[in-house]
Structure formats: structure tokens, C-alpha cells
Amino acid sequence: MFNSFGEIFRFTTFGESHGKAIGVVIDGVPAGLEFDERFLQSELDRRKPGKNRFATARKESDTAEVLSGVFEGKTTGTPIAIVIFNKDQKSKDYSNIKDIFRPGHADFTYWHKYGIRDYRGGGRSSARETAARVAAGAIAKMILNELGIEVKAGVIEIGGIRAEKEDYQYAKTSPLFALDENTEKEWISLIDKKRNEHDSLGGVVKLKIENLPVGLGEPVYYKLDNVLASAMVSINAVKGVYIGNKDAHKLTGSQNNDEIGKDGFLSNNSGGVLGGISNGESVEAEIYFKPTPSIFKKQKSIDIYGNEVEVDLKGRHDPIVAIRGSVVVEAMAACVIADMLLLNMTRKMEFLKKIYQ
Ligand SMILES: Cc1cc2nc3c(=O)[nH]c(=O)nc-3n(C[C@H](O)[C@H](O)[C@H](O)COP(=O)(O)O)c2cc1C
């Protein structure tokens, strides 16, 4: 249950880390959208594992096969199904944790909830599932691109060290999706140090959505900010989201309020959302990722029979999940905005008249 996200632009993902395939079915995509299959693949390539030492060494081409919903280069308005076959499973690496709960991972809760679990590579709890989200996000971005809306993200903090600038152009080519080339050097030495200590690190991703119209977001229970936060916390390992100025709670009203001038807002502490509705400023948010739970340090745990054990992990893991997580943040944000755009079309008589009169 609950493998779907969105109201009109709605996607459902399926598959496990070491199963045959993962994939996504996206419903609600308007007919006639130019479908750029190369762009879809390039988005998956940004997230795919095995590219450098800052990602898990699992080698997957993450080649997307589009099964339906596209004809002669355009969407047909029918569900778009995309499958990605798993190629590089090494399930043997997980046989020693078959009956053991990895600290920080979902093994304990999956076992107690379902009484059965695909332990190979984390099964459904593996972030392999996020490749399917990135495929959905690529289609959402195709819609947004046509409307001139840009979703971008990059890593702003690793291991408590914060970037000094936000260079989204640099983030595109950086192996860490880093927003600051100088801080990146510090991050790299810290990551290497922690890797040598068989440990992992947490990090923060900054999200920015530009050129949004005023009016996206449905008060009261489908606010732009509450749905965005929900989308972000649905990503594996995300523990927090801040919309707008993350220090707002330390400010006074007069410092925090965004005053308004003839040409728009004079600041953007709100992060582009007021009353749950986009105000035309950039939507800005920070997404907080915990450190990768699977580490190669011995840790205490129990097995499914309640015996105390020492966990000694094998397998391949991301040293810090916020890096590839940054691509997933963009994808989920794009899906939220595509959904909000479609929802907003029903909110005014003048919109209906434009279509039907
Ligand atoms: C892109 C991405 C890659 C991840 N890679 C790993 C990994 O290699 N090893 C691991 O133990 N956890 C990894 N995680 C985190 C786990 O999937 C996550 O911590 C686990 O499912 C438990 O869920 P929770 O942390 O949200 O409670 C990754 C998360 C993301 C977003």
C-alpha cells in the first residue's frame, strides 16, 4: 500500500533492490508533451551508482525502458510505464545479515511490521527505489521546462561543514553535486577520512525552484510547503526539511517579514510560500540527510530470535547519501510542482472558460 505519490500527476513505483527490476507508472501526464527519452536517461545517469568513489560501487547502467504512454515522440495521455532492470545484484553479500537487524536501517521495522523481508540489498527499503522517482521526476521536468520553471539542487553541507556559496552551475558538474568548489575540497578530505575509519557522514541539500507563478498550493491540507516537505521526507534517510530561512525562528517579526515593493518582495525569508501558496519568489528549502546507516564498523544489534550479535557488514554502500540524494530531491520537487500546476488549473472560473468557451 501507499506506493503512489501525487494527486493528478501521480506516480507509483515498484521493485526491490535485488529483484528483477524496479520501475514506475506515471499517470496524469497531459497528452502532447514532447517526450525526450535522452533527457530521461541523462537524469537517471546523474543518480546512478558506481560513477565515482563518492557513491556506492554497485554498477548499474540504470537504462530506462519506456513501455507505454508515448507514441511518435509525444505523450498520449495514457499511463507511462518505465522499467529499469537490475543487473549488478550481489545478494551473497547480504547473506550474513539475513536474520540480523542493521543499526540505522529499516530491517528491524520491516521485520516486525510484515514478518517477512527481502534482506537482499535492503529490498524495498533500499534507495534503489529512488531511481524510479528520478524517472518520474524527469517527466515532470519535461513539463516544467516547457513552462520555463527550473528545479535545481546541490549539496550545501557535509559533516557539519557548510558551503560558502550556492553555485548551481558548478553543482551540475561536481562529483559531489557540491554548491561550492572550495568547500568541496574540505568535504572530500573529510569523506576520505571517515571512509578510512569505516564510517559515514550526513549532509544537507539545498533546493531552489525558479520562475514559479503565484498561486500554486491548495490550502489547507495540500499546501505547497506541506506537500513539498512530505515529498522530501519520503526520500530515504531524510530526517528534516526547512522551507525558507532556516534561522527564521531566531529572528523577530520585523526581521523575518518579507516586505513588499512595487516590483515584488524585498527579501525571501518565506522561501517562496505564504499561506501554503507560491508567492512568485523562488521556492527555497533545505533537506537534511542522516549519515548512511550501513557502515563497515562493528556494531551491536540483535537477530530475529532476540540474541545479541555483532554486526559486521559486507556489500557496497554510499559513503554519504546526501550526494545522490540531491538528484532525488530535484526529482521529487519537480513531481510536486507538476502536480500543483495541474491542480491549480481547476481553481478559477476564468481557467475553465479559457478551455471550454
Ligand atoms: C540516494 C540514496 C542512497 C542511499 N544509499 C545507501 C547505502 O548505500 N547504504 C545504506 O545503508 N543506506 C543508503 N541509503 C539510506 C537508506 O536507504 C535509508 O537510511 C534506509 O532505507 C532507512 O530509512 P530511513 O533512514 O529513512 O529511516 C541511501 C539513501 C539515498 C537517498
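The values are calculated or read from the model by the stated rules, or taken from the named source; none is laboratory data. A quick note: this is a predicted structure, and the numbers were derived from the prediction, not measured. Don't worry about glycine lacking a Cβ; one is built from the backbone with ideal geometry, like all the others, and counts go over all protein chains shown.
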Pairs under 7 Å by beta carbon, first residue under 12 Å from Ile304 (Cβ atoms) in the range 101-112, partner among the β-branched types (Val, Ile, Thr) and in a loop (DSSP other than H, G, I, E, B), six or more apart or different chains?
Trp111/Ile304
So is Thr292 of a type in the set (Ser, Thr, Tyr) and crowded, with 21+ Cβ neighbours inside 10 Å or not?
yes
Across the range 31-40, the tally of residues that are surrounded by 13 or more Cβ atoms within 10 Å (Cβ to Cβ) and either in a loop (DSSP other than H, G, I, E, B) or under 16 Å from the mean Cα position of the chain (by Cα) (or both) stands at 4
Restricting attention to the range 277-316, the residues that are part of a strand (DSSP E or B) and within 15 Å of the ligand (Cβ to nearest atom) number exactly 6
Looking only at the range 88-147, filter to residues that are within 13 Å of the ligand (Cβ to nearest atom) and polar (S, T, N, Q); which one of those is nearest to Val66 (Cα to Cα)?
Thr130
Would you confirm whether any residue within the range 203-210 is surrounded by 16 or more Cβ atoms within 10 Å (Cβ to Cβ), among the charged types (D, E, K, R) and free of Cβ contacts under 8 Å to residues at least 24 places away in the same chain?
no
Give just the number: which of (1) part of a loop (DSSP other than H, G, I, E, B); (2) in contact with a strand residue (DSSP E or B) (Cβ under 6 Å, 6 or more places away or on another chain); (3) aliphatic (A, V, I, L, M) does Ile8 not satisfy?
(2)
Going through the range 317-353 one residue at a time, which ones are touching a Leu at 6+ places or on another chain (Cβ under 8 Å) and part of a loop (DSSP other than H, G, I, E, B)?
Pro319, Ile320, Thr346
Only residues that are over 22 Å from the mean Cα position of the chain (by Cα), under 20 Å from Asp118 (Cβ atoms) and surrounded by 13 or more Cβ atoms within 10 Å (Cβ to Cβ): list them for the range 51-95, please.
Asp88, Gln89, Lys90, Ser91, Asp93, Tyr94
Residues in the range 100-117: is at least one in contact with an Asp or Glu (Cβ under 8 Å, 6 or more places away or on another chain), in a helix (DSSP H, G or I) and not acidic (Asp, Glu)?
no
State which residue pairs qualify: first residue free of Cβ contacts under 8 Å to residues at least 24 places away in the same chain and inside the range 1-28, second residue among the hydrophobic types (A, V, I, L, M, F, W, C) and part of a strand (DSSP E or B) in any location, beta carbons under 7 Å apart, and separation of 6 or more residues or different chains.
Asn3/Phe14; Ser4/Phe11; Thr12/Val24; Thr12/Val25
Working only within the range 41-64, note down all residues that are outside any loop (DSSP other than H, G, I, E, B) and in contact with a Lys or Arg (Cβ under 9 Å, 6 or more places away or on another chain).
Glu43, Asp45, Arg46, Arg47
Scan of the range 162-175 for residues that are closer than 14 Å to Val204 by Cα and surrounded by 15 or more Cβ atoms within 10 Å (Cβ to Cβ), ordered by number
Ala163, Glu166, Ala171
Over the range 247-267, the set of residues part of a strand (DSSP E or B), loosely packed, with under 13 Cβ neighbours inside 10 Å and modelled with pLDDT of 95 or more is Ile260, Gly261
Test of understanding: among Ile304, Ile323, which residue is surrounded by 15 or more Cβ atoms within 10 Å (Cβ to Cβ), in contact (Cβ under 8 Å) with a residue 40 or more places away in the chain and over 30 Å from Ser267 (Cα atoms)?
Ile304
